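Quick notes on the structure that follows.
The values are calculated or read from the model by the stated rules, or taken from the named source; none is laboratory data. Since we're looking at a predicted model, the values are computed, not measured. Because the Cβ atoms are built from the backbone with ideal geometry, glycine has one as well, and the counts that use them run over all protein chains shown.
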Amino acid sequence: EESEPPVVELDNVEIVYDRHFLAVQGVSMSADEGDIVALLGPNGAGKSTILKMISGIGRSERGEVTRGRVFLRGEDVTNDGANEMVQRGITHILEGRRVFEDLTVEENLRCGLYRQGRRFRFNEDDYQIAFEYFPQLEDIMDLKAGYASGGQQQMLVIARALIHRPNLLLLDEPSLGLAPKLVRDIFETLVEINRQEDITMLIADQNAKRTLEIADYGYVMENGQIELHDPADELVEREEIKEFYLGT
Ligand code: ADP
Ligand code: MG
């Protein structure tokens with residue numbers, strides 16, 4: 001039996017901003033089909049940069065892969081742009097819960113389809129995947145998204161991403177600024193989505209504890225490099241992780 005190539009793979013990747021600022025160096029990592037992979041590390045470590053180069057949006061911030069390669073299911077996509085990556089089934093949920101504040105929750109959900117460019121007529125069925133995992137949204141469909149709570153906004157951006165029907169979901173800091181109980185609920189929902197929808201996930205988050213609880217595999221970054229990587233259940237047992245990231 002031939003083994004499948006990873007859904008996403010970085011081979012010795014270097015990323016430079018503005019032609020001179022070295023943000024990421026010598027990074028090799030991969031996510032296998034169906035896995036939840038955690039990308040951990042302090043602010044400025046390079047987590048968002050990696051997600052942005054995978055989804056292709058880093059290029060619009062003058063980021064460039066200057067060494068190494070990025071592969072999607074074995075295919076070299078190092079130089080592909082954001083539009084091509086969307087077509088390949090990658091959806092990137094940016095840091096900071098970017099909702100359209102003046103649009104309603106419903107209108108925000110519809111944007112999921114517009115962006116995909118699949119069609120412009122909306123079918124009620126398209127909401128079903130959103131409501132299946134976030135039934136709370138059904139009660140606030142007419143609310144302006146700017147008035148929704150932080151937790152509701154995080155649910156909304158994940159729900160909107162699901163309407164894209166991605167096969168690889170990149171999540172940047174989904175837990176940031178949310179109460180612990182909410183983080184637990186949302187992360188549990190991510191696990192359900194991962195299992196039921198066959199969506200591979202790469203989650204960059206500073207909350208190592210919660211993220212490792214749901215991850216299969218974890219990478220810890222510092223100063224643009226990967227310092228440690230292991231299956232998540234082994235990573236949580238390592239002394240340096242306990243000391244610096246888990247507060248134990
Ligand atoms: P993290 O997500 O782990 O906090 P980032 O990937 O955002 O880290 O940042 C990694 C490094 O790249 C930091 O030094 C940051 O200042 C720099 N950086 C991030 N985005 C840009 C950008 N658009 N232009 C220039 N430098 C950037
Ligand atoms: Mg970041």
**Q.** Entirely in region 108-197, the helices (runs of 4 or more DSSP H) that have 3 or more residues that are at pLDDT 95 or above
**A.** 150-163, 180-197
(Q) Can you tell me which residue is farthest from E84 (Cα to Cα) among those in region 30-63 that are part of a strand (DSSP E or B) and away from ligand 2 (no atom under 16 Å from the Cβ)? (A) I36
Q: Please determine, by comparing only the residues of region 32-56 that are near ligand 1 (Cβ under 6 Å from one of its atoms) and more than 13 Å from the chain's Cα centre (by Cα), which one is surrounded by the most Cβ atoms within 10 Å (Cβ to Cβ).
A: G41
Q: Tell me which residues, restricted to region 14-32, are under 18 Å from A215 (Cα atoms) and out of contact with any Asp or Glu (no Cβ under 6 Å at 6 or more places or on another chain).
A: M29, A31, D32
Q | So E84, is it more than 30 Å from L143 (Cα to Cα), surrounded by fewer than 19 Cβ atoms within 10 Å (Cβ to Cβ), within 16 Å of ligand 2 (Cβ to nearest atom) and modelled with pLDDT under 95 | A | no
Q) Counting only residues that are under 18 Å from the mean Cα position of the chain (by Cα) and of a type in the set (G, A, S), how many does region 141-189 have? A) 6
Q. So, of the residues in region 198-223 that are touching a residue at least 40 places away in the same chain (Cβ under 8 Å) and more than 16 Å from ligand 1 (Cβ to nearest atom), which turns out to be nearest to the chain's Cα centre (by Cα)?
A. M201
Q: Starting from residues that are outside any strand (DSSP E or B) and not acidic (D, E), keep the ones in region 217-233 and report whichever is farthest from G34 (Cα to Cα).
A: N223
Q. In the list G146, G151, G177, which residue meets the criterion of being crowded, with 16+ Cβ neighbours inside 10 Å, of a type outside the set (S, T, Y) and closer than 24 Å to E101 by Cβ?
A. G151
